[in-house]
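Below is one structure, written out as structure tokens, with a few remarks after it.
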Amino acid sequence: MMARFWSVVLLAVFSFSASAGTISSNDLEVNLDTGFPGIESYSFKGETVDLGGSTANTVLLNKETFKPAVEFGVTGDDSAEYVMDFADIGVKLIMEVETSPEAISFTITDIIETSDFMVKRIEMPGLVLARGEGDSTAALANFPKASYASEKPEDRDVFGKVSQLSADQLRSSAPDGGKGTSYAFVSDGDVCAGIYTNVMEEDLRMIVNFAGEGENKTISVAPGEWQWRQVSFMTTVPPKVKLIVATDNNDDGEVTWQDGAIAYRRNTPKAYGAGTLKDHVIGHIAMNFGSQATNPFLRVLDNAKKVWLYTDGMGQHIQFKGYQSEGHDSSHPDYGGNVGRRQGGRDDLNFVMRRGHDFDVLSGVHINATEYHREAKNFNWDIANEGSIGWSWLDESYHTDYIYDSAFGTLYPRLEEMRADLPWLDFVYLDVFYGRGWPGWRMHTKTNDLGILQFTEFPGVMERAVIWDHVANDWTQAIWGKGDRSEIARFIYYSEKDTFRHDPLLRGTNCDGFMGWHAERDMLQTIKSAFTVNLPTKYLQHFELIKQTDDSALFDSGAKTEVEGEVSKIYGADGQFIGSCRYEKPKSRPVDNLVFIPWDPMTEEKIYHWNDKGGESDWTVPQSWSDVDSAYLYRLTDLGRVFEKEVPVISNNVKLTGIKAGTPYVLYRDIAGPLPQMEWGEGGLVADPGFDSHSFDYWEKAEDSADVKFQNNKFGQTELIMSSKGGKISQDIHGLEAGETYAASVWFSVKGEQPATIMVKDYEPTLELPAINKEMWTVSTSSGSGKAAIDGSVGSIWHTAYGKTTPKHPHHITIDFGKTLMLDGFVQTARTDMHNGVITDYSVQASTNGEDWNTVIEKDTFEYDGNEAKVMFDEPVKAKYFKLIALSEHRGGPWASVAELDVIGEPATATKDGGKPKIATVTRTIDSTDLTNFTDQSSKYMSNWHRMKVLFDVPEGVDSAEIVISAAEGKSDSAVFFDDVRVVKSGRSTPPEDAENVVLYEDFENVDEGWGPFMYGWKGPMNTHLSETNLPYTNDTIEGEFSLKTRHERHEGIIYRTVPATLKLQSNTEYRVSFDYLSDTTDRYTFIAASGSDDDGMVEQDLTNGAWEPTAESFVFETGTGSDWYIGVRKNSRENGILVIDNVLVEKVE
């Protein structure tokens, strides 16, 4: 906007003309009203439209009517200017008019205030830019506030002859009696006029006025009310309205609203990131909720890689729903500074987002700017209304005032903190946001200014700024979704957004995921939806929609779609048939899917294929394949492409045979390049934690474990299986931090009865795996640069000087490790390109200070295995410096060379007995998993999968350990299944000093994931999580930072309980259970101890104190003969009630 000072200067020097104002650009000529902003008439491509100038000479400022003095002048061939002077209130509005080849824009470029009057709102009802009468046709978009996705016929867009339209068809009303619309097009059959404004109220962007009846009926369209200020110290954007004109843009012999929409698309601003999603075929939601951390961030990255392989590199976008605090709907409005520790923390999330870009994955987070929680670090009563309770699931939330939080609160600083925390964040999904108008503008403006795409839940808010909305894509709530129903908006933005509901003609995307949203866990369904629902949509989105009828749609590339009865067909840019499906009824998933879609649509380098029925089919390849004689067919799996066969291409036609039903394929015009090496589990301590490699490249299988294998379950998830014969796998993990406690865990399921074990023990280095990291190493030599000897590559070498000044033996190379190590030996790799300098005789020295040297090997001869020589010392050597001295060369030459030097050992710290410190061995063995897993965000939902873990401490000087997963021999029909091994920092809770024979102590301060020893006890919506202390706002913890809170569970029965994997109680043994609790009801909850198979011995302790005060409770129970005893909490009615527990102690009574 023009600076105020310069506006005053221009007013002083500008000479205004009172003559008629005509401006033009190319085929567009405009005759402006010189007395007041408006258009007398315009001509476009030889067709003239009369508008008659302004219909009123007044302006509404802050909803009051004022009549300004107006000066007008032409400022150029294609521009003019109005100055509106409201002398009585000390306000001047400067409005610039400009033409372009298809549009005339009116922009208030400056607002000058010289008195106390402060402009907040501006409306110019006389600035009529489109008119229609009688047989003229109009297209008017309905965007009612409460029914953005309404199925009601009366809420849909309005189309028809002006004579047949009624004001009642538009569902939004303006204060002056006009009707609101968000998109407006009027055609007289020769020219179509469309209106764009930057009015912020979505349903009142334009005001439509009706007059007359029958053939004499007219409509006029003017801009709605602009908002210049919401608060006194902050202005918005220069008010603008644009008339966009069109003739027959789609060459169909008619001039309709669709021609106007094509021109509108070319002449209006795009949403930030518009068109980005057409290259991202698959949308997921990775759900973490209720402290469960069912989808840790690093696991999500591996899942994205599996999908990348299964789809041959289709782009994805993943929403981390529940990325902060305890997961979804916890700790709003903490956008930054509180990334969930149980999910992996900020560093893991950033790693996933950054690495995801390498696999064409966009990453986003779910935030809420409507309802705030008291446990949030950013919570305060200035931004939350204590008297207005919002969505209350795990905890009560409190509504914010959108305007206050945006203008006076912390909304912008919180968004900035989020961006600082998550520099690789691609999009923000804004949940349950109803801030139409100014609050929505403030939100998406800031989000976009931070370089972040805007997603949201509902399409009726921030409609032009949002490129994806949840209700349009979530088929778990409604098949086909509940997206934007505006045909006009969809025609304009089809290729730019995923905000519209699915239909058989134009298709539409489906966010079919497998990471816990609404109990989704089927990766195979995700792949099917990618190929049969999303891919056809994304193909079409690469082109501009130019014509649509009830049963066909045409795109600018020549691609088209047709619907014949139940069948929907797609034709490619060359007119060839590329896919079809059938809808058995409205709002049903497509069946009989056939896909032969070139990808990407611009390069057509490959063709994706899917056939629900399998077998044989004939296809025409694109014209760009006209020089191809044979193509290469690959079947796609979660390990990537598997070559099937070479397929002849004859006259641009191919016949595909032997196709497996419901299986993805890809056809390449050339042999496909190699796939990247997948680093499963990267970013974490465990490699291949989900066994996604289907191999033992990362895990070592014991020699007696022949029956250990990998398989994908019915959902496509990979699992490790140990048969009834048992088995064992192990892996060395490195990078542990001394002085820390870690939790090592694995998910497992036992079929029948068979002992399964997780063990962590001290790492024992082997010759095959040098143990020492080289990042801190430096090197010096007697001759030549030694860096190549420690760079990790055997292709580069250290070589002594040669030529006129060739030095003779001995030569040496010395390594400074940067810290003291205990060395067990070393590995010297000789050069592989030739033999000059290869060392034969050598000696070794070591030093702890670089000055005093100890001779470790006085003289010896290397014994090479290929090019590698491994040397083990007689006893460990403590050293910060290591010196290899070359005494001779294998052919008697004067040189020495080394391709790579490695040492075998570990950091050195002496223990009391003089040996090296070790990690104490810890194990847990469980032989059954009887309880159903009721956590519906888990891939193990409704199955008998449990998680067992061990804690281990890392002593000083140790950074490695070995993790072992095993199963003992079981009955003939038994088996053990394993998945998702995880090692993370944890911590260890210390029982009270007077506790004896402690079997379990849980104060919830060091939980790595879940609820400590408790599993969810029933199939229903979870209302339990770890509550967090945030004084002075919270009162739902008992001691420390966390307690376990259950709130209003809609269930009578077990809420949560232990299982043997978390608390293994011995049979016929007496135990004491002690705990603290808070409750708001009397006798609503009972703490129990019981057998999983027999209720007769159940011991119950009613929780009688409902005064919401910390209460200590204790009881003793004796187990029966079974091994399936547990402790837990039972709710005694479905009525509301809150219970918090803490400091759970189980002692064996001797």
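Which one of the conditions (1) modelled with pLDDT under 95; (2) assigned to a strand (DSSP E or B) does Phe185 fail to meet, given that it meets all the rest?
Result: Phe185 fails condition (1) only.
Yes or no, residue by residue, for (1) within 29 Å of Trp680 (Cα to Cα); (2) buried (at least 22 other Cβ atoms within 10 Å of the Cβ):
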{"site": "Leu887", "(1), (2)": "no, no"}
{"site": "Pro894", "(1), (2)": "no, no"}
{"site": "Lys918", "(1), (2)": "yes, no"}
{"site": "Trp945", "(1), (2)": "yes, yes"}
{"site": "Gly987", "(1), (2)": "yes, no"}
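Residue by residue through the stretch 1087-1127, note down the ones that are under 43 Å from the mean Cα position of the chain (by Cα) and within 23 Å of Ser928 (Cβ to Cβ).
Once the filter is applied, which keeps residues that are under 43 Å from the mean Cα position of the chain (by Cα) and within 23 Å of Ser928 (Cβ to Cβ), the stretch 1087-1127 yields Ile1088, Ala1089, Ala1090, Ser1091, Gly1092, Ser1093, Ser1123, Asp1124, Trp1125, Tyr1126, Ile1127.
Collect the residues in the stretch 30-74 that are under 18 Å from Ala103 (Cβ atoms), within 50 Å of the chain's Cα centre (by Cα) and crowded, with 16+ Cβ neighbours inside 10 Å, keeping them in residue-number order.
Passing the criteria: Val30, Pro37, Gly38, Ile39, Tyr42, Ser43, Phe44, Val49, Leu51.
Only helices (runs of 4 or more DSSP H) wholly contained in the stretch 394-486 count here; list those with 1 or more residues that are of a type outside the set (Gly, Ala, Ser) and either closer than 27 Å to Leu506 by Cβ or assigned by TED's automatic domain parsing to the domain that holds Glu225 (or both).
Because the criterion is at least 1 residues that are of a type outside the set (Gly, Ala, Ser) and either closer than 27 Å to Leu506 by Cβ or assigned by TED's automatic domain parsing to the domain that holds Glu225 (or both), the helices (runs of 4 or more DSSP H) in the stretch 394-486 that meet it are 438-449, 470-473.
Within 20 Å of Ser938 (Cα to Cα) and β-branched (Val, Ile, Thr): does that describe Ile318?
yes
Determine which member of the set Gly337, Gly387, Gly327, Gly364 is in a loop (DSSP other than H, G, I, E, B), under 15 Å from the mean Cα position of the chain (by Cα) and small (Gly, Ala, Ser).
On inspection, the qualifying residue turns out to be Gly327.
Considering (1) surrounded by fewer than 20 Cβ atoms within 10 Å (Cβ to Cβ); (2) modelled with pLDDT of 95 or more; (3) charged (D, E, K, R), say which one Lys1019 fails and leave the rest.
(2)
Find all pairs meeting these conditions: Cβ atoms under 8 angstrom apart; at least six residues apart or on different chains; first residue within the stretch 354-382 and touching a residue at least 24 places away in the same chain (Cβ under 8 Å) and crowded, with 22+ Cβ neighbours inside 10 Å; second residue part of a helix (DSSP H, G or I) and of a type in the set (S, T, N, Q).
Leu362/Thr276
Within the stretch 1072-1095, identify whether any single residue is of a type in the set (Lys, Arg), farther than 19 Å from Leu1000 by Cβ and not assigned by TED's automatic domain parsing to the domain that holds Thr757, and answer yes or no.
Yes, the conditions are met somewhere in the stretch 1072-1095.
In the stretch 321-344, what count of residues is obtained for those that are surrounded by fewer than 24 Cβ atoms within 10 Å (Cβ to Cβ), closer than 19 Å to Ala744 by Cα and touching a residue at least 24 places away in the same chain (Cβ under 8 Å)?
Qualifying residue count for the region: 1.
Can we say Thr741 is touching a Gly at 6+ places or on another chain (Cβ under 7 Å), crowded, with 19+ Cβ neighbours inside 10 Å and among the β-branched types (Val, Ile, Thr)?
For Thr741, the condition - touching a Gly at 6+ places or on another chain (Cβ under 7 Å), crowded, with 19+ Cβ neighbours inside 10 Å and among the β-branched types (Val, Ile, Thr) - is not met.
Just the residues that are in contact with a Ser or Thr (Cβ under 6 Å, 6 or more places away or on another chain), closer than 25 Å to Cys511 by Cα and polar (S, T, N, Q), please, taken from the stretch 313-357.
Hits for the stretch 313-357 are Gln324, Ser325.
In the stretch 217-228, is there at least one residue being assigned to a strand (DSSP E or B) and modelled with pLDDT under 95?
No, the stretch 217-228 has no match at all.
It is to be established whether one or more residues within the stretch 1022-1033 are modelled with pLDDT of 95 or more, in a loop (DSSP other than H, G, I, E, B) and surrounded by 21 or more Cβ atoms within 10 Å (Cβ to Cβ).
no
Scan Gly684, Gly673, Gly662 and give me the residue that is out of contact with any Pro (no Cβ under 8 Å at 6 or more places or on another chain) and either crowded, with 17+ Cβ neighbours inside 10 Å or not in a loop (DSSP other than H, G, I, E, B) (or both).
So the residue among Gly684, Gly673, Gly662 that is out of contact with any Pro (no Cβ under 8 Å at 6 or more places or on another chain) and either crowded, with 17+ Cβ neighbours inside 10 Å or not in a loop (DSSP other than H, G, I, E, B) (or both) is Gly684.
Name the residues in the stretch 901-955 that are outside any loop (DSSP other than H, G, I, E, B) and at pLDDT below 95, would you?
Leu901, Asp902, Val903, Ile904, Gly905, Glu906, Pro907
State whether one or more residues within the stretch 191-210 are over 29 Å from Asn250 (Cα atoms), surrounded by fewer than 15 Cβ atoms within 10 Å (Cβ to Cβ) and either within 39 Å of the chain's Cα centre (by Cα) or hydrophobic (A, V, I, L, M, F, W, C) (or both).
no
State which residue is nearest to Leu243 (Cα to Cα) when the search covers only the stretch 51-74 and only residues that are β-branched (Val, Ile, Thr) and without any contact (Cβ under 8 Å) to a residue 40 or more places away in the chain.
Val70
Could you check Val352 against (1) among the β-branched types (Val, Ile, Thr); (2) within 30 Å of Val231 (Cα to Cα); (3) in contact with a Phe, Trp or Tyr (Cβ under 7 Å, 6 or more places away or on another chain) and say which number it fails?
With (1) among the β-branched types (Val, Ile, Thr); (2) within 30 Å of Val231 (Cα to Cα); (3) in contact with a Phe, Trp or Tyr (Cβ under 7 Å, 6 or more places away or on another chain) applied to Val352, the lone miss is (2).
Mind checking which residues of the stretch 161-189 are hydroxyl-bearing (Ser, Thr, Tyr), surrounded by fewer than 18 Cβ atoms within 10 Å (Cβ to Cβ) and either under 11 Å from Ile207 (Cα atoms) or touching a His at 6+ places or on another chain (Cβ under 7 Å) (or both)?
Ser173
Which residues, taken from the stretch 616-638, are crowded, with 18+ Cβ neighbours inside 10 Å, over 34 Å from the mean Cα position of the chain (by Cα) and without any contact (Cβ under 8 Å) to a residue 40 or more places away in the chain?
Within the stretch 616-638, Ala631 is the sole residue that qualifies.
Determine, yes or no, whether Pro1013 is in contact with a Leu (Cβ under 7 Å, 6 or more places away or on another chain), under 30 Å from Lys918 (Cα atoms), crowded, with 19+ Cβ neighbours inside 10 Å and touching a residue at least 12 places away in the same chain (Cβ under 8 Å).
yes
For the stretch 104-111, state whether one or more residues are aromatic (Phe, Trp, Tyr) and either surrounded by 22 or more Cβ atoms within 10 Å (Cβ to Cβ) or not assigned by TED's automatic domain parsing to the domain that holds Glu225 (or both).
yes
In this structure, does Gly690 turn out to be touching a helix residue (DSSP H, G or I) at 6+ places or on another chain (Cβ under 9 Å), surrounded by fewer than 19 Cβ atoms within 10 Å (Cβ to Cβ), small (Gly, Ala, Ser) and touching a residue at least 24 places away in the same chain (Cβ under 8 Å)?
Taking the combined requirement at face value, the residue does not satisfy it.
Taking Ser166, is it over 30 Å from Asp27 (Cα atoms) and polar (S, T, N, Q)?
In short, yes.
Just checking, which of Arg1072, Arg1084 is of a type in the set (D, E, K, R) and over 24 Å from Phe934 (Cβ atoms)?
Arg1072
In this structure, is Met523 crowded, with 23+ Cβ neighbours inside 10 Å and either under 27 Å from Glu616 (Cα atoms) or not polar (S, T, N, Q) (or both)?
yes
The values are calculated or read from the model by the stated rules, or taken from the named source; none is laboratory data. In this text, all values refer to a predicted model and were calculated from it rather than measured experimentally. Because the Cβ atoms are built from the backbone with ideal geometry, glycine has one as well, and the counts that use them run over all protein chains shown.
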